Amino acid sequence: MEIIENMNAAQIPACVQIMLANPLFQRYGFNAERAHNMFTMAVDEGASILTLKADQQTVGFVWLALRGAWERSGYIRLIAVLPQYQGSGFGKALMDAAEGELAAHVREVFLLVSDFNIVAQHFYQGRGYVQVGAIPNYLVQGIDELIYYKRLPEVP
C-alpha cells in the first residue's frame, strides 16, 4: 500500500538516505550533512515536500514550489525514489500528486533535468513535458541543466 503525505521532521533521515542512495545527487556533491541541513531548513520553512511510503518505509519524495518559476508558475525542485523501487510506478505517483497540488494554484510547471540524465528526460517527456531551453554549467561545471515545461490541465 502506498501513502503520499506531507514531509515531517521525522522523515528527514529517510529522505537523506534516498538522496545518498542515488548517484545523481552524489555527482552534485551532496553528502549526509548537506542533505540533512537542506531538508531540516526546508521543514523549518514549511517547504512543500511530499513523501511516498510503501511497506511503512519512506521510499521517495518530491519537492515542489507553487510559485517557484518567475513567481508565476510551479516548479518541481527535486524528485527521488530509492534505486530498488525505481521502475515500480512510485515516481509516477509522486509526480501525479505534485502536479495535482500545483494544478489547484497554477497553470504551468517547470523543472530542470541534467543533460546526462536520459532516463529522467524520457520520463518527463512521457508525462507531457517539453524541453524549452538549457542553462550551461548552472549547478556544476560541465553539466547543462535542461529546462522542461508543461501546461497543466484546468482543475474543475
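Table for the structure above
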| quantity | calculated |
| --- | --- |
| Check on Phe110, closer than 25 Å to Pro23 by Cα and either at pLDDT below 95 or in contact with a Lys or Arg (Cβ under 9 Å, 6 or more places away or on another chain) (or both) | yes |
| Single residue of the range 116-136 satisfying the filter (in contact with a strand residue (DSSP E or B) (Cβ under 7 Å, 6 or more places away or on another chain) and in a helix (DSSP H, G or I)) that is surrounded by the most Cβ atoms within 10 Å (Cβ to Cβ) | Tyr124 |
| Meets criteria (surrounded by fewer than 21 Cβ atoms within 10 Å (Cβ to Cβ), over 16 Å from the mean Cα position of the chain (by Cα) and of a type in the set (Gly, Ala, Ser)) for Gly100 | no |
| All positions within the range 30-43 that are surrounded by fewer than 15 Cβ atoms within 10 Å (Cβ to Cβ) and either among the aliphatic types (A, V, I, L, M) or in contact with a Leu (Cβ under 9 Å, 6 or more places away or on another chain) (or both) | Asn31, Ala32, Met41 |
| Some residue of the range 113-129 being over 20 Å from Ala21 (Cα atoms) and of a type in the set (A, V, I, L, M) | no |
| Pick from the range 51-82, criterion at pLDDT below 95 and not in a strand (DSSP E or B), ranking: surrounded by the most Cβ atoms within 10 Å (Cβ to Cβ) | Arg72 |
| Residues satisfying the stated conditions in the range 72-86, i.e. basic (Lys, Arg) and within 14 Å of Gln57 (Cβ to Cβ) | none |
| Close pairs (7 angstrom Cβ cut-off, 6 or more residues apart or separate chains): β-branched (Val, Ile, Thr) in the range 1-12, loosely packed, with under 14 Cβ neighbours inside 10 Å anywhere | Ile12/Thr40 |
| Subset tally (residues that are closer than 19 Å to Gln84 by Cα, of a type in the set (Gly, Ala, Ser) and touching a residue at least 60 places away in the same chain (Cβ under 8 Å)) for the range 13-57 | 1 |
| Residues within the range 100-117 that are farther than 27 Å from Val140 by Cβ and either out of contact with any Leu (no Cβ under 6 Å at 6 or more places or on another chain) or among the charged types (D, E, K, R) (or both), tallied | 5 |
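The values are calculated or read from the model by the stated rules, or taken from the named source; none is laboratory data. Not measured: the values here are computed from a predicted model. Glycine also receives a Cβ, built like all others from the backbone with ideal geometry; neighbour counts cover every protein chain displayed.
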